[in-house]
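To start, the structure itself, in structure tokens.
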Amino acid sequence: MPVGRVPRFGVLVAQPARTDTDLHWLQEAIKLSRYCPPSATAFSVGAVLIAPDGSVLSTGFSREWDPADHAEEVALARLGFPGQGMRTHDAPGYGSGANLEGATMYSSLEPCAARASRPTPCADLIIASGIGRVVIAWREPPIFVPGGGAARLRQAGLTVKVIPELAAAARAVNAHLLS
């Protein structure tokens, strides 16, 4: 697979080239982020979880069921992987515990490595779920908590792809937080 170069804190990091499939599903995640109830204290994020065969396993967006919900957390909860403090009775399909080996999580924002609203960050939930690949449009700016989710995922052995050409679309949904 061709490799592109993406700057990260002044260092060039090798990245697999993006695919049309990655662009499609990441655009779908960005569309989901537009459904988020507005918040002055949290980003609006969308997430789509795709099986190895290309089928949609689950979706989620921030604050979908509760003001503390994160998009990735909701997508995982639909499959039986709720985060600590999440109202599991609201999670359709809760308890099914799908096998997520080979699945890809598409998220409009880098999964959090720390959070103020619940004890378990989304990066840790993704690692625990068995997902092997995460594709994001935008790295989390340190407005509410420090970033670092992508690094945590990579340290755990997951593949992380950043598609910077969709970052502006993901940021636009959150413009009220960035001005």
Worksheet item: Dipole magnitude of segment 100-150 about its Cα centre, charges +1 at Lys/Arg Cβ and -1 at Asp/Glu Cβ only, in debye to the nearest 20?
Response: 80
Discussion item. Assuming 0.36 nm per residue, please report the length gained on full extension of the stretch S39 to H176 beyond their Cα-Cα distance.
Written reply: 48.4 nm
Practice prompt. Go through segment 168-177 residue by residue and turn each phi into a ³J(HN,Hα) via Karplus (6.51, -1.76, 1.60, θ = phi - 60°); whole Hz please, and just put x for glycine and proline.
Written response: 4, 5, 5, 5, 4, 5, 10, 4, 4, 8
Discussion item. I need the trypsin sites (Lys or Arg not before Pro) found in segment 144-179, filtered to DSSP loop residues with at most 11 other beta carbons within 10 Å of theirs.
Written reply: none
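No value in this document is a laboratory result; all are computed from the given coordinates. Every value quoted in this text rests on a predicted model; they were computed, and no experiment measured them. Here Cβ is always computed from backbone atoms with ideal geometry, including for glycine, and neighbour counts include all displayed protein chains.
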